[in-house]
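J.: Below you'll find the structure I mean.
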Amino acid sequence: MNRRPWIWLVAGTAEGRAAAIALLGLSIPVRVQLVSERARRPYRDLED
């Protein structure tokens, strides 16, 4: 069975963005769930 690695990352807005960038750099897919539209702003440039 070929499974993709996944990580459940619970983080604040500041450190969460840095962690997402690091994971993407390792070719690990990232899905971000945020509590508000405002919290989404730092991640906008990481969207497909």
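Every number here is computed from the coordinates shown, using simple stated rules; none is lab data. Keep in mind it's a predicted model, so treat the numbers as computed, not measured. In this analysis, Cβ positions are derived from the backbone assuming ideal geometry, glycine residues included, and neighbour counts consider all displayed protein chains.
J.: Could you check the spin-label model distance between residue 45 and residue 8? Points 7 Å from the Cα along Cα→Cβ, value in nm.
T.: 3.1 nm
J.: Right, another one. How large is the helix-only mean residue ellipticity at 222 nm for the chain, computed as the sum of -39500 (n - 2.57) over DSSP H runs with n ≥ 4, divided by its residue count, in deg cm²/dmol to the nearest 500?
T.: So the calculated ellipticity at 222 nm is -10000 deg cm²/dmol.
J.: If you compute Cα extents along the principal axes in Å for the structure shown, which of [x] 30, 21, 21; [y] 45, 20, 14; [z] 39, 18, 17 do you land on?
T.: Recomputing Cα extents along the principal axes in Å here picks out [z].
J.: With a cap of 14 neighbouring Cβ atoms within 10 Å, and only residues DSSP puts in a loop, list the chymotrypsin sites (Phe, Trp or Tyr not before Pro) found in segment 5-48.
T.: Hits after loop and neighbour filter: 6, 8.
J.: If I fit a long axis through the Cα atoms of helix 13-25 and take the longest principal axis of the Cα atoms of the chain, what angle between them do I get, 0 to 90°, rounded to 10?
T.: Computed tilt is about 30 degrees.
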